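Report on the following structure.
The values are calculated or read from the model by the stated rules, or taken from the named source; none is laboratory data. Predicted model, so just to flag it, every value in this text is computed and none were measured. Here the Cβ positions follow ideal geometry from the backbone for every residue, glycine too, while neighbour counts run over all protein chains shown.
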Amino acid sequence: MKRSGILTALLIVIGSAQMVLAEEALEIVKKADGNLIGNKIYSISEMTVYRSGKARPTMEVEGFSMAKNGEDYSLSIYRKPAKMKGTAYLMIGDDLWVKFASTGRTRKLSSSAKKNSAGGTDFSYADMGESSQGISAKYNVRMENSKATVAGDKCYEISFHPQEGTEGVYEKLVAYIAKESYRYLRIDYYEAGAVIKSLTLSDYRQVAGRDYP
């Protein structure tokens, strides 16, 4: 066989292997997302931000999300502390609006502004309006390591890359998903080739038959 023929055969084999790994990664992500997403979700969450080792006032956020006719709708409303009470984020598809409690004004954010900090936290405005279809909705996935570990738990290391034509907020995400439970254990967020923040998910509990951290 000529060298060009061998090279073509190798490229076909490599391409086929990559497709299999991508399909395997997507199935794993779908199982992990299946525990966290739904057509209609209501939640009340608390966030405590620490700066220089000191806790700032705890924030309480009421959240609503749903999917309708292929479109995602998400609304987050601050209930505490008093100075932020009434501040709200509304995301419909890729469009995001913010209502500021201090002024009562509502503003539609530009794509670049979605990366800004929401309420002084490490979450961005876009994070607050995360898709009800799961974090993989706007990303292509790829298996990076099927034998990774996090805190002693065997897991899959899967990378997420923005789909063409979508407004991916991050350059890349890397998620670690437990092999036995298909729970997200950690998600690393990348910009300019470096991790800018990490989200650790723990203390999972059963709520309406689903596992929530």
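Results for (1) in a helix (DSSP H, G or I); (2) of a type in the set (A, V, I, L, M); (3) at pLDDT 80 or above, shown as yes or no for each residue.
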site	(1), (2), (3)
S16	yes, no, no
A22	yes, yes, no
K30	yes, no, yes
L36	no, yes, no
S45	no, no, yes
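Applying the criterion of being among the charged types (D, E, K, R) and under 18 Å from A88 (Cα atoms) to the residues of segment 40-67, the residue that is surrounded by the fewest Cβ atoms within 10 Å (Cβ to Cβ) is E46.
Here are S198, S181: which of them is part of a loop (DSSP other than H, G, I, E, B), surrounded by fewer than 19 Cβ atoms within 10 Å (Cβ to Cβ) and modelled with pLDDT of 85 or more? Within the list S198, S181, the selection yields S181.
Go through segment 124-149 and count every residue that is modelled with pLDDT under 75 and polar (S, T, N, Q). Within segment 124-149, residues that are modelled with pLDDT under 75 and polar (S, T, N, Q) number 4.
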